[in-house]
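Below is one structure; the comments refer to it alone.
Just so you know, all these numbers are worked out from the coordinates, no wet-lab data involved. Note that the structure is a prediction, hence the values are computed from the model and not measured. Quick reminder, even Gly has a Cβ in these numbers, built from the backbone with ideal geometry, and neighbours come from all protein chains shown.
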Amino acid sequence: MGEFSGNVIVVTGASEGIGRALCEALAPQGPRLVLAARNAERLESLASACRAAGAETLVVPCDLEKETECRELIDRTVEHFGRLDTLVANAGRTMWARADEIRDSAVFRSVMELNYFSVVWLTLAALPHLKTTRGRLVPVASVAGLTGVPERSAYCASKHAVIGFFDSLRIELADSGVTVTTVCPDFVVTEIHRRALDAQGHPLGTSPMQEARIMTAEECAALMVPAMAARRRMLITSTRGKLGRVLKLIAPGLIDRIAARAIAERK
Ligand SMILES: NC(=O)c1ccc[n+]([C@@H]2O[C@H](COP(=O)([O-])OP(=O)(O)OC[C@H]3O[C@@H](n4cnc5c(N)ncnc54)[C@H](OP(=O)(O)O)[C@@H]3O)[C@@H](O)[C@H]2O)c1
């Protein structure tokens, strides 16, 4: 059935985008999926599709900006399935505005709350269980966690924080059997762009991206499943993202120009 047969996998941000596509990609292997996000109706429709494909499911509607709800998600998982094998910390949000135009500090705070703090709270709650199962941590960061991106300062900062946290934790976990696979997608067609906060802290409402020119959530999920199975250290989903890691050391100005162009061209 595959590496994830019977595996108890918590996926946050499962109601949309990459999280949803990942659940659909994993389901045929027969995992026990815990689907977490705020929109219960979207989670229920995903759950029935995943059950039809071969998974067991538990739906946990929750607001992960609340630390208690992060802990409750892990508690409910272990109460229901008796164990936890994999935590995919995927729920996230973004913003789109120059730093010097942002008037509402809530933009910085809310991005950090969900993208960084919720991931830390979930991970700390999950760790004792993952140590028992020698499980997997799969934080979904971004190529924006590896380099600067204009008009994404709050988002970049939150994703750099995620990568720094897990690079440190990975060393601490070296002898535990628990592995960290940090996922760094490049642009993906999802709801995140429509929901991006503007300088006033309001959702943009429409996607500014050239959606025909960027990866689909299904393509991203198809790369994630084997990387998770192989317990790879990091998955970067684009060639420019992979090259950027190396070039940043020798030609950082060039990487700044590539990032500026990606935003200007919206792809
Ligand atoms: N799309 C991209 O271009 C891209 C690129 C690089 C990295 N990423 C990262 O990939 C991850 C997934 O993003 P996506 O693109 O799939 O975004 P998306 O389509 O907007 O999905 C985000 C998910 O997070 C959930 N969520 C948002 N706020 C939440 C909260 N307070 N509590 C619980 N769940 C919450 C949303 O569900 P509800 O609204 O139902 O709560 C939704 O299921 C994020 O960490 C993002 O930063 C995305």
So what's Rg/Rh here for the chain, counting alpha carbon atoms and using the Kirkwood radius for Rh?
-> 0.95
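How about the stretch 123-181: which trypsin sites (Lys or Arg not before Pro) there are in a DSSP loop, with at most 13 other Cβ atoms within 10 Å of their Cβ? The partial results should precede the final answer.
Values: sites: Lys131, Arg134, Arg136, Arg152, Lys159, Arg170; in loops: Arg134, Arg152.
Within the stretch 123-181, the qualifying trypsin sites (Lys or Arg not before Pro) (loop, at most 13 other Cβ atoms within 10 Å) are Arg134.
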Where labels lie 7 Å past Cα in the beta-carbon direction, separation of Arg109 and Ala260 in nm | 3.3 nm
Most positive-pole-ward Cα, Pro28, Ser118, Ala230, against dipole of the stretch 8-238 from beta carbon charges | Ala230
Check the straight Cα-Cα distances from Lys267 and name the lysines below 25 Å, setting aside those fewer than 8 residues away within the same chain.
-> Lys159, Lys242, Lys248
Go ahead and estimate [θ] at 222 nm for the chain from helices alone: -39,500 (n - 2.57) per DSSP H run with n ≥ 4, summed, over the residue count, rounded to 500.
-> -14500 deg cm²/dmol
Once you have a ≥ b ≥ c as the square roots of the Cα gyration tensor eigenvalues for the stretch 39-85, tell me rounded if a/c is under 1.5, and otherwise prolate or oblate according to whether a/b is larger than b/c.
-> oblate
What ³J(HN,Hα) values, in whole Hz, does the Karplus curve 6.51 cos²θ - 1.76 cosθ + 1.60 give for the stretch 141-156 when θ = phi - 60°, with x put for Gly and Pro?
-> 9, 4, 4, 5, x, 10, 7, x, 9, x, 6, 10, 4, 5, 5, 4
